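**Q** Sharing a structure, written as structure tokens. Questions coming.
The values are calculated or read from the model by the stated rules, or taken from the named source; none is laboratory data. Computed from a predicted structure; not experimentally measured. Note: ideal-geometry Cβ built from the backbone for every residue, glycine included; neighbour counts use all protein chains shown. The area values use the complete protein model at the heavy-atom level, side chains included, leaving out ligands, DNA and RNA. Shrake-Rupley method; radii C 1.70, N 1.55, O 1.52, S 1.80 Å.
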Amino acid sequence: MIRATVTGEERIARAELTWIAEPRERLLGALVRASGAVEAMALIRAGRLPHDAELTANPGWQQAMARWHAALERVPPRGEVKRTLGGRFRLVYPGCAEWPGGLDGLGDAAPVALWVTGVADLGFSCRRSAAVTGARAATAYGAYLGSEFGGSLADRGWTVVSGASFGIDASAHRGALAADGVTIAVAAGGLDEPYPAAHIDLFGAIAAQGTLVSEAPPGARASRLRFEARQRVIAALATGTVIIEAGSRSGALTAARHARDLRRPIMAVPGPVTSDLSSGCHELIQRRQAVLVTCASDVINALETALAADS
């Protein structure tokens with residue numbers, strides 16, 4: 001894989017691309033991988049396709065380039081971009097020491113860069129990490145287990161990754177924070193406008209003890225597309241994914257599908273057979289797409305087995 005040299009111009013170009021990119025834009029990822037971010041931005045500004053015939057064989061290139069060129073109006077003036085980069089958020093991208101290697105498994109669908117804030121080193125924290133996610137409308141049973149799993153994993157040195165949404169996500173983060181552990185929240189919008197707004201204190205606590213992450217630039221609003229797309233980032237940052245309470249159509253199951261595609265462990269917690277909120281977990285277990293887990297020790301055993309197999 002060709003990587004562009006990490007320079008100041010590369011950093012600025014990567015930042016600019018976050019205002020242009022929509023999540024999971026494989027063609028943009030392919031362009032940046034082949035040409036580097038600086039050349040990619042030059043081509044987009046010119047509205048010109050790269051000269052790589054193999055790269056542009058995809059019939060969607062013309063439409064994509066037109067879309068990116070039109071999106072240039074969203075990119076702030078260069079001086080403002082530089083001020084943003086020098087502010088309270090840092091930019092992490094391939095080639096940086098803080099870039100988590102697990103994101104490379106997403107290939108061209110990986111974020112072109114991540115906006116990050118917090119005290120924990122993102123790359124280091126992800127080396128031993130578990131994604132814990134599930135229903136937003138969690139029951140008391142689910143919320144208890146989210147907190148229990150989050151706290152027990154953090155207490156044993158594992159980073160807890162989630163999305164800071166209502167329900168299971170928030171309980172997992174709070175459990176990790178209560179155990180004085182490291183937790184990572186992947187936001188669906190810009191880090192200057194945390195969503196949900198009701199979790200502003202939670203976002204602050206996570207930044208003070210762990211890390212907040214978003215592929216959306218400052219000022220970007222959370223959207224349905226970004227909520228769905230961030231599940232791939234949650235799965236890719238983590239060594240494996242745990243699902244606690246998820247209905248058959250739950251968005252949390254998207255994280256499990258991404259973990260499967262990345263060949264990372266998927267674990268599910270069983271619930272009452274009468275609960276629709278556990279039906280997705282039961283389906284994963286029944287289809288042998290997930291390992292049944294009932295405590296943090298079960299999760300750690302599965303994760304350590306996966307790490308040993310990769311070493």
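**Q** If we count every other residue with Cβ under 12 angstrom of Val132's Cβ, Lys/Arg +1 and Asp/Glu -1, where does the sum land? Display every interim value, and only then the final one.
**A** Details: positive: Arg174; negative: Glu148, Asp169, Glu245.
Its environment carries a net charge of -2.
**Q** Ranked highest first by average number of other Cβ atoms within 10 Å, how do 159-167, 147-155 line up?
**A** Working: 159-167: 26.1, 147-155: 23.4.
Top of the packing list down: 159-167, 147-155.
**Q** How large is ³J(HN,Hα), in whole Hz, for each residue of the stretch 241-252 in order, when computed from phi with the Karplus curve 6.51 cos²θ - 1.76 cosθ + 1.60 and θ = phi - 60°, using x for Gly and Pro?
**A** Rounded to whole hertz, the list is 10, 10, 10, 10, 6, 7, x, 4, 10, 5, x, 4.
**Q** How much length is gained on full extension from Arg78 to Glu39, taking 0.36 nm per residue of separation minus their Cα-Cα distance? Don't skip to the answer; put the middle values down first.
**A** Values: separation 39, 0.36 × 39 = 14.04 nm, distance 1.59 nm.
That pair, Arg78 and Glu39, stretches by 12.4 nm at full extension.
**Q** While we're looking at this one, here's another question. Whole-Hz Karplus ³J(HN,Hα) for the stretch 143-148, in order, using 6.51 cos²θ - 1.76 cosθ + 1.60 and θ = phi - 60°, x for Gly and Pro?
**A** These are the phi-based 3J(HN,Hα) values: 4, 4, 5, x, 5, 5 Hz.
**Q** On to the next question. Looking at the chain, what % of its DSSP beta bridges pair antiparallel, to the nearest 5?
**A** Numbers: 7 of 27 bridges.
Just about 25 percent of them are antiparallel.
**Q** For Gly163, which sequence-distant residues (separation of 5 or more, or a different chain) have an amide H within less than 5 Å of its own amide H, given hydrogens modelled in the peptide plane?
**A** Val186
**Q** Another question, then. First check a/c for the stretch 1-124, with a ≥ b ≥ c the square roots of the eigenvalues of its C-alpha gyration tensor; if it is under 1.5, answer rounded, and if not, answer prolate when a/b is larger than b/c or oblate otherwise. Can you show the working numbers first?
**A** Working: a/c = 2.01, a/b = 1.35, b/c = 1.48.
Verdict is oblate for the stretch 1-124.
**Q** Per residue, what accessible area does the stretch 119-217 have, given a 1.4 Å probe and all protein chains present, in Å²?
**A** On the way: 3440 Å² over 99 residues.
Dividing the accessible area of the stretch 119-217 by its residue count gives 35 Å².
**Q** What's the extension gain from Val273 to Arg26 if we count 0.36 nm per residue and subtract their Cα-Cα distance? Write out the running numbers ahead of the final one.
**A** Values: separation 247, 0.36 × 247 = 88.92 nm, distance 3.98 nm.
Here the segment from Val273 to Arg26 would lengthen by 84.9 nm.
**Q** Along the Cα-to-Cβ line of Leu307, 7 Å from the Cα, sits a label point; which residues in the stretch 80-103 have backbone N less than 19 Å from it?
**A** Counting backbone N atoms under 19 Å from the label point, the list is 98-103.
**Q** Still on this structure: Hey, any idea what % of the stretch 1-155's accessible area is carbon plus sulfur with a 1.4 Å probe? All intermediate terms of the calculation are to be shown ahead of the outcome.
**A** Values: 3730 of 7250 Å².
Carbon-and-sulfur percentage of accessible area, whole number: 51.
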